[in-house]
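Have a look at the structure below before the remarks.
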Amino acid sequence: MAWVASTALIVMADGVGGLPLGGEAAEAATAHAFRRLRRELPTALAVGVEGVRTLLLATLWSTAGHVAAEARARGLRRTEDGLCTTLILAVALAEVYVVVWIGDGGAHVLRGKEKVERLLVPHKSPDAPTLFEAAIGPETDGTPSWSITPRRPGDIFLITTDGVADQFDATLVARLHAAIARYRAHAKPALQDLLGELASQRDAFGRYIFTDNLTAALVLTAGRTVTDAPDAHEQDPASGASPVSIKPRSRGRVAATAHGIRPRSGTV
């Protein structure tokens, strides 16, 4: 995650579990997408919302081509060979959120204590939730989706891997609100606290509930008219943005976010 031309940019990838080389796929996808968006996003911002949406879609497809080329160089031809990943690209503009994705994960906007808007519908089979209908790899399965949602004062914009998104419920929302209040709207410590709490949570039998990657990026909008964010070093905490990644007890999925790829670490 980074500020580009005073605009929050989030790039998040999560290697597909059950297949080899997922972490390397996530790293390659994140690095490629981030480089292109850092270079081209300022021009797209001058065009407006449609320019940003078009760039995000083009970047996702070019990232798919980059990962496929890497797979061919390794002699990998089929999805079953591995090097597969999901990818989420998100930009928080002054007036809207633009999200493009392939695979799973989560994108939510929290408004007030109870209202939650879901911006991302994962590419999973309703009959078999563990099976992907779309992902990047030696072959790109499926096609990307996109959403554009208004941004409003007081918004909480949260992008996550499926380790968080698959268990996103009212209890998790309440915990996020509590963490933000506890750290007085400072995004990074609030997110660190939340993910650390989730990573240690157990069920009645003592088993860890969140066993997959816990990677998230948080953008907080102050409770006033939304304007372009200032430079990162001058960022108001109440309009802050921060990525955090925790890998507590992996089942083979590896996540990466721009500005801090953590494919094998359990640290924040």
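Of the conditions (1) surrounded by 18 or more Cβ atoms within 10 Å (Cβ to Cβ); (2) part of a helix (DSSP H, G or I), L9 satisfies every one except a single condition; which number is it?
With respect to (1) surrounded by 18 or more Cβ atoms within 10 Å (Cβ to Cβ); (2) part of a helix (DSSP H, G or I), L9 is out only on (2).
Does P42 fit the bill of being in a loop (DSSP other than H, G, I, E, B) and not polar (S, T, N, Q)?
It is false that P42 is in a loop (DSSP other than H, G, I, E, B) and not polar (S, T, N, Q).
Only one of (1) part of a helix (DSSP H, G or I); (2) small (G, A, S); (3) within 22 Å of K124 (Cα to Cα); (4) within 13 Å of the chain's Cα centre (by Cα) fails for A90. Which number is that?
(1)
List the pairs whose first member sits in segment 10-24 and is over 23 Å from L158 (Cβ atoms) and acidic (D, E), whose second member is modelled with pLDDT of 95 or more and surrounded by fewer than 24 Cβ atoms within 10 Å (Cβ to Cβ), and whose Cβ atoms are under 9 Å apart, counting only residues at least 6 apart or on separate chains?
E24/E70
Consider E139 against the criteria (1) closer than 30 Å to G18 by Cα; (2) crowded, with 22+ Cβ neighbours inside 10 Å; (3) at pLDDT 90 or above: it satisfies all of them except one. Which criterion is unmet?
(2)
Residue-by-condition table, conditions (1) surrounded by fewer than 23 Cβ atoms within 10 Å (Cβ to Cβ); (2) without any contact (Cβ under 8 Å) to a residue 24 or more places away in the chain:
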{"site": "D81", "(1), (2)": "yes, no"}
{"site": "V91", "(1), (2)": "no, no"}
{"site": "A94", "(1), (2)": "yes, no"}
{"site": "L110", "(1), (2)": "yes, no"}
{"site": "K124", "(1), (2)": "yes, yes"}
{"site": "S145", "(1), (2)": "yes, no"}
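Which of the residues that make up segment 12-49 are buried (at least 20 other Cβ atoms within 10 Å of the Cβ), of a type in the set (G, A, S) and within 15 Å of A92 (Cα to Cα)?
Across segment 12-49, the qualifying residue is only A44.
This table checks each residue for (1) of a type outside the set (K, R); (2) not in a strand (DSSP E or B).
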| residue | (1), (2) |
| --- | --- |
| R35 | no, yes |
| R38 | no, yes |
| E50 | yes, yes |
| L60 | yes, yes |
| L83 | yes, yes |
| P122 | yes, yes |
| L131 | yes, no |
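Which one of T211, T215 is crowded, with 20+ Cβ neighbours inside 10 Å, hydroxyl-bearing (S, T, Y) and not in a helix (DSSP H, G or I)?
T215
I'd like the full set of residues that are among the β-branched types (V, I, T), touching a residue at least 60 places away in the same chain (Cβ under 8 Å) and in a helix (DSSP H, G or I), limited to segment 154-191.
The answer is V173, and nothing else.
Hey, does segment 119-129 have a residue that's of a type in the set (D, E, K, R), within 30 Å of L76 (Cα to Cα) and in contact with a Gly (Cβ under 6 Å, 6 or more places away or on another chain)?
Among the residues of segment 119-129, not one is of a type in the set (D, E, K, R), within 30 Å of L76 (Cα to Cα) and in contact with a Gly (Cβ under 6 Å, 6 or more places away or on another chain), which makes the answer no.
Would you mind finding the one in A190, A165, A179, A174 that is within 15 Å of the chain's Cα centre (by Cα) and either closer than 30 Å to A28 by Cα or at pLDDT 90 or above (or both)?
Within the list A190, A165, A179, A174, the selection yields A165.
Regarding L76, is this residue over 30 Å from L172 (Cβ atoms), hydrophobic (A, V, I, L, M, F, W, C), at pLDDT 95 or above and surrounded by 17 or more Cβ atoms within 10 Å (Cβ to Cβ)?
When the stated conditions are applied, L76 passes them.
The values are calculated or read from the model by the stated rules, or taken from the named source; none is laboratory data. Bear in mind that the values here come from a model prediction, so they are computed numbers and not experimental data. Every residue, glycine among them, receives a Cβ derived from its backbone with ideal geometry; neighbour counts consider all protein chains shown.
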